There are 2 protein chains.
Amino acid sequence: MVKSAIKYYEVNPWKIIEKGFDPKRSKASESIFSLANEYMGVRGFFEETYSGETLIGTYFNGLYELPEKPSNAPYKGISRKSHFMVNSVNYLATEIYLNNQPVDLAKGSFTDFERTLDMQSGELVRRFIFRQKDCTAEITFKRLLDVENFTNAYQVIEIRMLEGKADLLVKSHLDYTVKHFGSLKPWKVIESTEKPDGFRVLAQTKKSRQSLLTDEEIIVSHGEISNPNDKKMVFTKQIAFKLEKSESFKLEKRVSHLVIHGGVDSSHKKTLEEIVAKRSCYEEALKSNRAYFEKKWAECDIEIAGDEENLQGIRFCIFNLFQTYRGISSNNIGAKGLTGEAYSGHAFWDTETYILPFYLFSNPADAKKLLMFRYRTLPNAIQRARELDCRGAGYPIATLNGDEACELWQHASLQFQPSTGVAFAIWHYVHLTDDFDFLIKYGAEMLLEIARFLASRGDWNPDKTGFGFYGVMGPDEFQMMVHNNTYTNYMAKRTFLYACEVLKRMEQSYPSEYAKLTEKTGFSKTELEDFLTKAQKMIILYDENTRLFEQHDGFFKLPHVDKNTISTDEFPLYSHWSYDRLYRNDLIKQPDVLMMMFLYNQSFTAEQKAANYDYYEPRTIHESSLSPSIHSILAMELGKTQEAFDFFRFATRLDLDDYNRNTFEGLHVTSLSAAWLNIVYGFGGLRSDGKYLKIAPKLPDVWERLKFRIRYRGRTIEVETTKTDTEIRISGESLELQIYDRLYMVDKSIKVKTGGPHDC
Amino acid sequence: MVKSAIKYYEVNPWKIIEKGFDPKRSKASESIFSLANEYMGVRGFFEETYSGETLIGTYFNGLYELPEKPSNAPYKGISRKSHFMVNSVNYLATEIYLNNQPVDLAKGSFTDFERTLDMQSGELVRRFIFRQKDCTAEITFKRLLDVENFTNAYQVIEIRMLEGKADLLVKSHLDYTVKHFGSLKPWKVIESTEKPDGFRVLAQTKKSRQSLLTDEEIIVSHGEISNPNDKKMVFTKQIAFKLEKSESFKLEKRVSHLVIHGGVDSSHKKTLEEIVAKRSCYEEALKSNRAYFEKKWAECDIEIAGDEENLQGIRFCIFNLFQTYRGISSNNIGAKGLTGEAYSGHAFWDTETYILPFYLFSNPADAKKLLMFRYRTLPNAIQRARELDCRGAGYPIATLNGDEACELWQHASLQFQPSTGVAFAIWHYVHLTDDFDFLIKYGAEMLLEIARFLASRGDWNPDKTGFGFYGVMGPDEFQMMVHNNTYTNYMAKRTFLYACEVLKRMEQSYPSEYAKLTEKTGFSKTELEDFLTKAQKMIILYDENTRLFEQHDGFFKLPHVDKNTISTDEFPLYSHWSYDRLYRNDLIKQPDVLMMMFLYNQSFTAEQKAANYDYYEPRTIHESSLSPSIHSILAMELGKTQEAFDFFRFATRLDLDDYNRNTFEGLHVTSLSAAWLNIVYGFGGLRSDGKYLKIAPKLPDVWERLKFRIRYRGRTIEVETTKTDTEIRISGESLELQIYDRLYMVDKSIKVKTGGPHDC
């Protein structure tokens, strides 16, 4: 892995601080300084006019647009349902003129630039001193998104005249001319109302006809608010005022947004009124945000002693996970969250496999809501399976609204990890929560439909002795259209078995719910037998002698490429190698067999894990940002502490230090969660797939102490580890826990030698 | 194969006759009645206004346009050089009004419709009686393309008043408003000159900026030619005249077209003048055409006694092969020739493998020119190889101008049969002609660059004991991205060996040419060793016991689908099955292992052919129109005469009887040649890959007699076979020939028992 850090921000335990401004880092910083409250997100772009590089981006969760033209897919089963999270109104847009000179950091002269994101409040503050010939002013911008009343957003602009005086002109806009993908103008304004202190605007996306109802209120310290004649798609209030030396001008803007998916009627305007009524002011919202985050951090902070950078890094990750998702909506989590246009706001199988554990161990109710997204979109998945000539439900590889948004058939038609991932997540969630109500009401139906899909998509080998999946792409996306990919087959086998277990249990213990389900789905005993047979006969390519699982049939016969012979300027291979060349050697993009061993960790022996790690890791180039953390976790388990720490090296700071040089597109939200996994599963040694929760911490050399908290069955478990001792504290009832290799009934707390197995 | 005939045209040995008009057959008939002279082609659309279903199409060989927007290919190596043979000026466009009523067969009343294509002259005549309330007229349209002076085209329109009288108005156009792909308007007019009897127009394609210079001359029997005010893109002359009962009106239009690829200058206008000077009249051109076709038919007619339909069918095939290509241009042969927009005028590997033999055995000079197209476009193939991260020359899967026009990476990046096909064709041509001049000047360089490409695209297996091709698609396009496809590996092996043989021979016998070549290409002995090693170590998946070649590594382990269980309405599978579903079972689209056994027929034993035919044919669904003929030829060789005739059943009449229901798009030009192969290689038993030419005719039950002629080494060989006797007559010097299983020195003629081996 040839990745290097760009050290740009100050290291600080609770803040991200940019001192001085490098225009080359402008777009990456916009991503880093993104604010979100799940309902909406706004990149950290400059409020005022900026003629340099920028990606103005404001997004609303679940608000999407359709392409101008549907794709011209030449073959059946290729998705024509693309859609993307759409760039929306720039409600922060401002123009500031001092003596008719615009404030523009790309053109003017300035000093003392400082931008700070406070992870204990979600407040973003930017301040600089702008110097003109005739005056010098300190300008401060503050913004935040209300976490409690999440439809509301606040902005404060302060201009203090340090030297000279100026005719100040401030224009504050609601700007609907934002462009998506650099040129597409997705919005039209349906209705607007002018008020003395702002506007109320109803806008609609052109193709998907989704609506956004926005109300603003502007309060100024001095001057009169007036309405200039302005463009049709930009709603402007302006204030002109003479600012004398030492005087300050302050503008506060309070904005409420309501997303409306269907037709707009009077009820929506009423809802908006209610929202506006709850709108407070910047300082109140800030106070409320602080209280919210204080509680959140108390639940799931991670403390690392001896490694300030990773401490800041992991907090940045956790902070952004909460910014992106905390269970207030019925949406999924996009690969870039609400921080950019890349990946179009689509959620991938990452949600169930990489992100869900964070929520399972911080707030299981939030985790359940993520699963409910899959239940809500089960009809879409059933429709998608039909398009693929299959039965049951095939979950999309990329989606925002439940439809398959990926137009690349080689992914959308060949990758089934979204479906097996949902099944795994249902199992994982129920395993940890015993939420049988969910399982019976929603989980069972999803499991059944996924099993149906898999049973119809798989095939028997020619002599009918083995069942497997042909023409698939496993998690390793450098192997396309392979047969009997071990990950796919194994996950399908476990899906079949779990579906059968749940359905049998339902029949016995919940007969009326079972009857309802069979009636709704036409499920029969024959089908259950079919699932069981296919599970039993599932082809798993395993060699008892070497203990190797073959990634797919024929993988061991592929031409070998020594990854160390690839020159650094050839990475990422996706951009530098001919497309077909990616697919015809034994290079691996991201863990495949090893991913299976991460998910069903305790179903495999230490020897199996060691053999497969030693075989596959050297072939893996980690071109997915999700790859290193999984390797780090397994390396820790295998006692390769230094290797584990090397893989971890850029987990928490992937975006802060822009290792992949693409932070400008948005944050790698799923990787943020992988960093959490890396610490809690890797160094904390958490394992959640066995009968008992297992905790087995071990520290990398440079760390003095690691402390993390997880929520589990109504308790908070706090784990604190030093090189010598590990203490586990439990709130609430006593709990049976596996610590290292032994079972303990833990009552309040226990202290063991770090590394186990001896008590102390 | 669930294909059925639509019997629509009269059976006739030399003509295609449509009696009566079925509007539902309109577009298919336009394809059937296409005229072409290689330089240009025009579909058999109605000259006069026709408001029914029609595809107006006029094409010039090598004249192409580019897409409005370049493709947005997301990955490296995916071609962005798409281009298409463009629909051009409709120079036949006519409007006819009788007493202000337009003649339009979709609206008016008519009888006695007859349309006839004469395969002995290339003349197309259409006649009908148009009945209005106030008059009845017989209207005749004739057209032909001059075969000798191929830039010239002629049209005659005759209107005879049978009853009543009429104010006749005829408008004759040069219409540049033609649309491509139903909506794209590719042309703009650069310059136009009005003359008393017509126009001279210079038009240009919008994107590719290729030009067409057209001059017309209109001669009428009565009336004055005048110029109505008309549209900018339509150039019109009109004649108004009162036509009394029994009177006839005649219009003759003579048109010359000059295609100009680069910038237009005065030299082109001079060339046009010369062309116009050579322009004669309809009757003279018709006479000249008759003489041309008389000579052609004498060289390569096929006669079948006892099967009128196939007699007409094969003549239709041969006629259209000559219409499409006869060596006057430096272009290749598009899959639909000059008869429609489908396949965009692109040539595929079909040219070298299916079409070339027809020209090799009718006029080797024409065959050579087809190979020269590949030499002319060698730089494009070298560039294409670079795009694929390879060395040498990778020939495109689809092209008109030499660039890869196929935007589907799964074909363009994975199929190497174009490259190995060119190498095979060079070998085949030189093998039959001993044209060492060509081999040394052009062939060797192509062979070297193709071998380089293959050497760089292939890979060693992990233990370096075998070399092969990974991630390819063989001729069977239902198996994508497979490893060690036997066809690909075997063809590459033969390419390496032949390239080495040629290069060694050149070094010894043509040292100065060899020196030039090594200087030009940087070729070295090391490279030759590399080719030889890779040939020797080529992985060929062959089982000595079963004599089976495995189509690719793992083919025998694919799930089996019994093709007889697929319902007829699922065909073609491309349109009815989810795209991925095509690729994950043992169904075969078209011959793959068997194609290798057709091309290098005599390198395999009868037992090998039998074993592989019996294994692969039952898995083949013949979704390519090229598939049945190859199976028919091999079935004949294996003594499966009835099966062979069943496969042959729709070879000659694929388009005449519209078996695939897509003749409306254009003729299956490569299948026309497959029909010729089917008769000459299948029933005639010709084999051209051994040391001696082999002839081993055998007749299907229903045929009484088969006679065919081929050209070979300056001689004409005429083969005449009945159920009992086979006579072979040779013009010119005596020749050693293999007839059935014996060698004969044939002087003038020889007669043997049909089926051999006994002389009579």
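Miscellaneous remarks
- Residue check for A:Asp658: of a type in the set (Asp, Glu), out of contact with any Cys (no Cβ under 8 Å at 6 or more places or on another chain) and crowded, with 22+ Cβ neighbours inside 10 Å: yes
- When segment B:582-625 is filtered for residues that are of a type in the set (D, E, K, R), in a loop (DSSP other than H, G, I, E, B) and either away from chain A (no Cβ under 14 Å) or in contact with an Asp or Glu (Cβ under 9 Å, 6 or more places away or on another chain) (or both), the ones remaining, listed by number, are B:Arg584, B:Lys589, B:Asp592, B:Glu623.
- Selection status of B:Glu477, closer than 25 Å to B:Gln415 by Cβ, more than 14 Å from chain A (Cβ to nearest Cβ), of a type outside the set (A, V, I, L, M) and surrounded by fewer than 24 Cβ atoms within 10 Å (Cβ to Cβ): no
- B:Asp646 vs. criteria surrounded by fewer than 19 Cβ atoms within 10 Å (Cβ to Cβ), out of contact with any Asp or Glu (no Cβ under 7 Å at 6 or more places or on another chain) and closer than 18 Å to B:Ser671 by Cβ: yes
- Of all the residues in segment A:661-676, those that are surrounded by fewer than 24 Cβ atoms within 10 Å (Cβ to Cβ) and under 15 Å from the mean Cα position of the chain (by Cα) number 1.
- If the condition is being within 12 Å of another protein chain (Cβ to nearest Cβ) and free of Cβ contacts under 8 Å to residues at least 40 places away in the same chain, then segment A:565-581 contributes A:Glu570, A:Ser575, A:His576, A:Trp577, A:Ser578, A:Tyr579, A:Asp580, A:Arg581.
- Residue pairs whose Cβ atoms lie under 8 Å apart, separated by 6 or more positions or on different chains, with the first residue in segment B:14-35 and without any contact (Cβ under 8 Å) to a residue 12 or more places away in the chain and the second crowded, with 16+ Cβ neighbours inside 10 Å and of a type in the set (S, T, N, Q), do not occur.
- Here A:Asp562 qualifies as of a type in the set (Asp, Glu) and within 14 Å of chain B (Cβ to nearest Cβ).
- Helices (runs of 4 or more DSSP H) fully within segment B:297-416 counting 1 or more residues that are closer than 23 Å to B:Ser79 by Cβ and either among the hydroxyl-bearing types (Ser, Thr, Tyr) or out of contact with any Pro (no Cβ under 6 Å at 6 or more places or on another chain) (or both): B:364-376, B:378-387, B:409-412
- Condition broken by B:Glu407, with the remaining ones in (1) within 10 Å of another protein chain (Cβ to nearest Cβ); (2) touching a helix residue (DSSP H, G or I) at 6+ places or on another chain (Cβ under 8 Å); (3) of a type in the set (Asp, Glu) satisfied: (2)
- Extreme residue, farthest from B:Asp437 (Cα to Cα), among residues of segment B:355-369 that are of a type outside the set (Phe, Trp, Tyr) and in contact with an Asp or Glu (Cβ under 8 Å, 6 or more places away or on another chain): B:Ser362
- Among the residues of segment A:686-736, those that are of a type in the set (Ser, Thr, Tyr), within 19 Å of A:Asn601 (Cβ to Cβ) and surrounded by 19 or more Cβ atoms within 10 Å (Cβ to Cβ) comprise A:Ser688, A:Tyr712.
- None of B:Glu529, B:Glu501 is assigned by TED's automatic domain parsing to the domain that holds B:Glu617, in a helix (DSSP H, G or I), surrounded by fewer than 22 Cβ atoms within 10 Å (Cβ to Cβ) and more than 33 Å from the chain's Cα centre (by Cα) except B:Glu529.
- Every condition in (1) closer than 24 Å to B:Lys231 by Cα; (2) within 24 Å of the chain's Cα centre (by Cα); (3) surrounded by 19 or more Cβ atoms within 10 Å (Cβ to Cβ) holds for B:Gly182 except the one numbered (3).
- Condition met for B:Thr546 (more than 19 Å from B:Pro591 (Cβ to Cβ) and among the hydroxyl-bearing types (Ser, Thr, Tyr)): no
- Cβ-Cβ contacts under 6 Å between residues 6 or more apart (or on different chains), taken from a first residue in segment B:594-609 that is without any contact (Cβ under 8 Å) to a residue 40 or more places away in the chain to a second residue that is among the basic types (Lys, Arg), are listed as B:Met597/B:Lys609.
- Some residue of segment B:364-380 being within 14 Å of another protein chain (Cβ to nearest Cβ), at pLDDT 95 or above and buried (at least 24 other Cβ atoms within 10 Å of the Cβ): no
- Among strands (runs of 3 or more DSSP E) entirely within segment A:692-760, having at least 1 residues that are farther than 20 Å from A:Ile318 by Cα singles out A:715-722, A:725-730, A:735-739, A:742-746, A:749-753.
- Residue, farthest from the other protein chains (Cβ to nearest Cβ), within segment B:541-559, restricted to residues that are in a loop (DSSP other than H, G, I, E, B) and surrounded by fewer than 19 Cβ atoms within 10 Å (Cβ to Cβ): B:Glu544
- Pairs are defined by a Cβ separation below 9 Å, a sequence spacing of at least 6 or placement on different chains, a first member in segment B:515-542 that is at pLDDT 95 or above, and a second member that is loosely packed, with under 13 Cβ neighbours inside 10 Å; the pairs so defined are B:Thr518/B:Ser524; B:Lys537/B:Lys464; B:Lys537/B:Thr465; B:Ile539/B:Thr465.
- Taken over segment B:281-302, the residue count meeting the criterion of being in contact (Cβ under 8 Å) with a residue 40 or more places away in the chain and more than 20 Å from B:Arg711 (Cα to Cα) is 7.
- Flag if A:Gly313 is farther than 26 Å from A:Lys188 by Cβ and either among the basic types (Lys, Arg) or in contact with a Ser or Thr (Cβ under 6 Å, 6 or more places away or on another chain) (or both): yes
- Residue-level analysis places A:Trp297 outside the set of residues that are crowded, with 23+ Cβ neighbours inside 10 Å, closer than 25 Å to A:Phe683 by Cα and among the aromatic types (Phe, Trp, Tyr).
- Within segment A:50-86, being more than 14 Å from chain B (Cβ to nearest Cβ), in a loop (DSSP other than H, G, I, E, B) and under 25 Å from A:Arg376 (Cβ atoms) holds for A:Asn61, A:Gly62, A:Leu63, A:Leu66, A:Pro70, A:Lys81, A:His83, A:Val86.
- Residue under evaluation B:Leu144, criteria (1) part of a loop (DSSP other than H, G, I, E, B); (2) away from chain A (no Cβ under 14 Å); (3) not polar (S, T, N, Q), criterion not met: (1)
- Qualifying residue in segment A:106-118 (condition: more than 14 Å from every other protein chain (Cβ to nearest Cβ), among the aliphatic types (A, V, I, L, M), touching a Lys or Arg at 6+ places or on another chain (Cβ under 8 Å) and farther than 24 Å from A:Phe235 by Cα): yes
- The combined condition, being in contact with a Cys (Cβ under 9 Å, 6 or more places away or on another chain) and over 15 Å from B:Thr151 (Cα atoms), is fulfilled by B:Lys245.
The values are calculated or read from the model by the stated rules, or taken from the named source; none is laboratory data. Please read these numbers as outputs of a predicted model, since none were measured by experiment. All Cβ positions, even for glycine, are placed from backbone atoms using ideal geometry, and neighbour counts span all protein chains on display.
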